[in-house]
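Please read the structure below before turning to the comments.
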Amino acid sequence: MKITKACQADFEQIINIENTCFPPNEAASPEAMRKRIEIISDTFLVALDDGEVLGYIVGPVTNSRYIDDELFEKVIPNRIGLSTQTILSLAVAPKAQGKGVATALLNELAKVSRAQGREIISLTCLEKLKPYYKAHGYVDEGISESVHGGEVWYNMTFNLNN
């Protein structure tokens, strides 16, 4: 398995995984995903095996501690000096789940984020996923203000300075 920056050639496989792993009310639109690949490819990573996308992780940087819903809609280029790396999507193809792909993607994004001088990684997740992220060093900081997809989300953060 190799982890690298996403490119437009990966788009079809990425959007298929997105639509498989997330219900329609939570999944990113094809347009949003194309823009993310184009505009924030430095923080859009894919796990590949012989050219096949096994999973991906993506998110822009911001100065806010927590994700706001605008980040799901509007893609702006990552800038130097912003403190927070976000994760909008972490998804693994069903056939590759349980094989460490998501953990490898989380670890690689942390490595990239440290190299870019970020202080924390921030994400929102459903209650059922809190134990997974806690097991990877993320801290539950309570219910998010996000109403994305009409769900109750929890703010989770990972300190990059540890």
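The values are calculated or read from the model by the stated rules, or taken from the named source; none is laboratory data. The model shown is predicted, which means the values in this text are computed figures rather than measured ones. Methodologically, a virtual Cβ is constructed for each residue, glycine included, from the backbone with ideal geometry; neighbour enumeration extends over all protein chains shown. Heavy atoms of the whole protein, side chains included, go into the accessibility calculation; ligands, DNA and RNA do not. Shrake-Rupley method; radii C 1.70, N 1.55, O 1.52, S 1.80 Å.
Just a few scattered comments:
- Taken about its Cα centre, the chain carries a charge dipole of about 500 debye when Lys and Arg each add +1 at the Cβ and Asp and Glu each add -1 at the Cβ.
- When the trypsin sites (Lys or Arg not before Pro) in segment 1-103 are filtered for DSSP coil states and for at most 16 other beta-carbon atoms within 10 Å of their beta-carbon, the remaining sites are Arg65, Lys74, Arg79, Lys99.
- For segment 100-155, the solvent-accessible area of protein heavy atoms averages 49 Å² per residue (probe radius 1.4 Å; ligands and nucleic acids excluded).
- Pairs of lysines in the chain whose Cα atoms sit within less than 15 Å of one another amount to 5, provided the residues are eight or more positions apart or on different chains.
- Accessible surface of the chain [probe 1.4 Å, protein heavy atoms]: carbon and sulfur percent: 51 percent
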